[in-house]
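Remarks on the structure that follows.
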Amino acid sequence: MKNTHDFKPLEGKYVNLREVEISDAAFILQLRTNPKKCRFLHKTENNLDKQIEYLKRYKTLDNEWYFIIEDKQHQPLGTSRIYNVSGKQYTGGSWLMKEGSLPEETLEGALLARHMAFEKLGFEKDCFDVRKENKKVVRFHKMTGAKIVAEDDIDYFFEITRDAYNQHKQLFWDAL
């Protein structure tokens, strides 16, 4: 069985963060195949059976976490992941919110995911990439303390440490 490090859902003011379930497969597939939402992501085949198999495999892993961001009525709004774990470092990604999500829900979902990674799971650094064309997300990560450490033709490669997160988090929590 999956080692979830005693994962318990996190409750925010606007959204909750909980571990993904197999029953979330259709929602995830809908998000990841939405042409507007997925243009900055790795392609996902529009195949529900493959999504279900992916989630079943995920549930056996002890070094990866996949979250659903849900509203206070427990309706799914988005996703976030922790993967590529190496010691105290990880990659945060798959941060997607469905159309119509409020800015407060989007912001709090991202903050809860980082809170889980840094404060509950004890990671020290998040190393991730963002497509250069995804200007809103690039700006968001810079504002939250992430630094660009490299780039190529398509992506910026970011790092954010637990210390940088802690220096910036209160500003965003207060904004909620």
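The values are calculated or read from the model by the stated rules, or taken from the named source; none is laboratory data. A quick note: this is a predicted structure, and the numbers were derived from the prediction, not measured. Glycine also receives a Cβ, built like all others from the backbone with ideal geometry; neighbour counts cover every protein chain displayed. All accessible areas refer to the heavy atoms of the entire protein, side chains included, with ligands and DNA or RNA removed. Shrake-Rupley method; radii C 1.70, N 1.55, O 1.52, S 1.80 Å.
Looking at region 116-138, I want the residues that are more than 15 Å from K169 (Cβ to Cβ) and have a partner that is part of a loop (DSSP other than H, G, I, E, B) and β-branched (V, I, T) with Cβ atoms under 9 Å, at least 6 apart or on another chain. Which pairs are those?
Matching pairs, first to second residue: D129/I154; R131/I154; K132/I154; E133/I154.
Could you identify the single residue in D49, D6 that is over 15 Å from R81 (Cβ atoms), at pLDDT 95 or above and out of contact with any Leu (no Cβ under 8 Å at 6 or more places or on another chain)?
D49
Hey, does region 92-111 have a residue that's among the polar types (S, T, N, Q) and at positive phi?
Yes, because at least one residue in region 92-111 is among the polar types (S, T, N, Q) and at positive phi.
If I filter region 156-166 for residues that are of a type in the set (A, V, I, L, M), part of a strand (DSSP E or B), closer than 23 Å to G87 by Cα and open to solvent by 50 Å² or more (accessible area, probe 1.4 Å), do I get at least one hit?
For region 156-166, residues of a type in the set (A, V, I, L, M), part of a strand (DSSP E or B), closer than 23 Å to G87 by Cα and open to solvent by 50 Å² or more (accessible area, probe 1.4 Å): absent.
Any residue in region 61-75 that is buried (at least 17 other Cβ atoms within 10 Å of the Cβ), of a type in the set (S, T, N, Q) and touching a strand residue (DSSP E or B) at 6+ places or on another chain (Cβ under 7 Å)?
There is no residue in region 61-75 that is buried (at least 17 other Cβ atoms within 10 Å of the Cβ), of a type in the set (S, T, N, Q) and touching a strand residue (DSSP E or B) at 6+ places or on another chain (Cβ under 7 Å).
Looking only at region 115-134, count every residue that is within 14 Å of the chain's Cα centre (by Cα) and farther than 12 Å from G93 by Cβ and tell me the total. Steps first, answer last, please.
Initial filter on region 115-134 (within 14 Å of the chain's Cα centre (by Cα)): 115-118, 126-130.
Now drop any that are not farther than 12 Å from G93 by Cβ, which leaves 115-116, 118.
Within region 115-134, residues that are within 14 Å of the chain's Cα centre (by Cα) and farther than 12 Å from G93 by Cβ number 3.
Could you check region 95-128 and list, in sequence order, the residues that are within 21 Å of F157 (Cα to Cα) and either open to solvent by 70 Å² or more (accessible area, probe 1.4 Å) or in a strand (DSSP E or B) (or both)?
Correct list: W95, L96, E124, K125, D126, C127, F128.
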